[in-house]
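Reviewing the structure listed below.
Only the coordinates and a few stated rules stand behind these numbers; no lab work does. Nothing here was measured: the structure is a model prediction, and the numbers come from that model. For neighbour counting, all protein chains shown are included, and Cβ atoms are generated from backbone atoms with ideal geometry for every residue, glycine included.
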């Protein structure tokens, strides 16, 4: 009987090879942008109390009602985190961050889990990068988060994006708008998709961002929340747009952008692929001024953004960006003979101790095979030690581009290679 070959769970993926290069590229650029803007990194646990998401994200949202991985242990209900904002608010309250100078600006690059149908760019374990600013209600914070999110994609050289902006109002004006919305849809419920028939009763705002063709036509006729804002929300949103205009960032007002979580209030926005529109949202965010109080804290305003790593990488590949991935290994060490092998083993470790990326293949017999390996790795130089070099304490430095070879004393090799690599960088 054949041995069983274990497979990864459906909706997950192994990240290695070129995908790992893309992940590192995105992570490095995102973290540089975030830290240059004054954000501090935070890592929260992968598991949280289930009630954190039920209360924070919303019991009737798709995530909580259909997509969470929840399990019970010793009477406690725990959930693999499906999103990043609620855990950060929990940390902000639990770790006493409200005693720090406000606002507190945090960023994360983490994996999340949702039980949804796997498809292109959507996984059951997926990665997101995100920004959160807690403790400031200024419109300038909203504009700055939008600007920072825009800068991330600009630094990644993604050109085909569109920023969609809206306001979801507040507890003062949103209830009145919800009545208008329900009144508009009241005689049209039979025309809605199955999910929206449920949303009409439990979460009417989600009627506006359904992607089902049956619902799209009705959305265009529905009343717009931006025309029903209270004076405070209107003035706040107007000021946000004025700040964004000051930066010459292109955006579109889109009344259909309402986001999927209950905690959003006021400014909301999404980053779209300009060609695919809402079908391929790369990320989004908004203000969540009520969430901290909902989770047991004081009334503290906040604003955030989250971007999908897999979707961002998919977009980078789609646009066929010419990325200059940093090379960690520039040197290959080759040897011939047992004595030379020992010398090469020492040389390899001397290079690594000096912070020079290097590799060797001690199982390869001939110099020819080792040089083929060096060519496949794309190194700049190969250092060769044969029986003669091992005897007289020298090393051959071979320039892989030109083919030129020079002989140097062993004790000078590290200095020579360091100088050449710095000259080429």
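Assorted remarks:
- Least to most buried among 132, 319 (fewest other Cβ within 10 Å first): 319, 132
- In this structure, residue 253 and residue 115 have a Cβ-Cβ separation that, at R0 = 35 Å, corresponds to a calculated FRET efficiency of about 0.55.
- Comparing 408, 184, 39 in a Gaussian network model of the chain where C-alpha atoms under 10 Å apart are linked, the largest mean-square fluctuation is found at 408.
- Extension reserve of the residue 423-residue 95 stretch, reckoned as 0.36 nm per residue once the Cα distance is removed: 113.3 nm
- Given the choices (1) 31.5; (2) 25.0; (3) 29.1, mean projected area of the Cα convex hull in nm² derived from the coordinates of this structure is entry (3).
- Protection proxy ranking of 47-57, 323-333, by the mean of other Cβ atoms within 10 Å over each peptide's residues and highest first, is 47-57, 323-333.
- Under 14 Å from the residue 220 label point (7 Å along Cα→beta-carbon), backbone N, the range 281-297: none
- Taking every alpha-carbon pair under 8 Å whose residues sit at least 6 apart, the range 208-276 reaches a relative contact order of 42 percent.
- Between helix 309-318 and the chain: long-axis angle, C-alpha atoms, 0 to 90°, nearest 10: 70 degrees
- Using alpha carbons only, the radius of gyration of the range 331-424 set against its Kirkwood radius gives Rg/Rh = 0.92.
- With contributions of -39500 (n - 2.57) from each DSSP H run of at least four residues, the per-residue ellipticity at 222 nm computed over the chain stands at -11500 deg cm²/dmol.
- Nearest-ten-degree value, helix 174-185 long axis tilted from longest Cα axis of the chain: 80 degrees
- Residues in the range 27-56 reached by a label modelled at residue 77 [backbone nitrogen below 16 Å; 7 Å Cα→Cβ]: 48-56
- If R0 equals 30 Å, the separation of the Cβ atoms of residue 329 and residue 41 corresponds to a calculated FRET efficiency of about 0.65.
- Among 43, 350, 19, the largest mean-square fluctuation in a Gaussian network model of the chain, built with springs joining Cα atoms closer than 10 Å, belongs to 350.
- Angle in degrees between helix 231-246 and the longest Cα principal axis of the chain, rounded to the nearest 10: 30 degrees
- Sequence-distant contacts, meaning Cα pairs under 8 Å at least 6 residues apart, place the relative contact order of the range 331-424 at 29 percent.
- Nearest-0.05 FRET efficiency for residue 341 and residue 193, computed from C-beta distance (R0 45 Å): 0.10
- Averaging Cα coordinates gives a centre for the range 280-294 and one for the range 15-68; these two points are 13 Å apart.
- Estimated distance in nm for a label pair at residue 147 and residue 67, the labels positioned 7 Å out from Cα along Cα-to-Cβ: 3.1 nm
- Short-range pairs are left out: with C-alpha atoms under 8 Å and at least six residues apart, the relative contact order of the chain is 15 percent.
- Protection proxy ranking, highest mean first, for peptides 394-400, 103-109, 214-220: 103-109, 394-400, 214-220, where packing is the per-residue count of other beta-carbon atoms within 10 Å, averaged.
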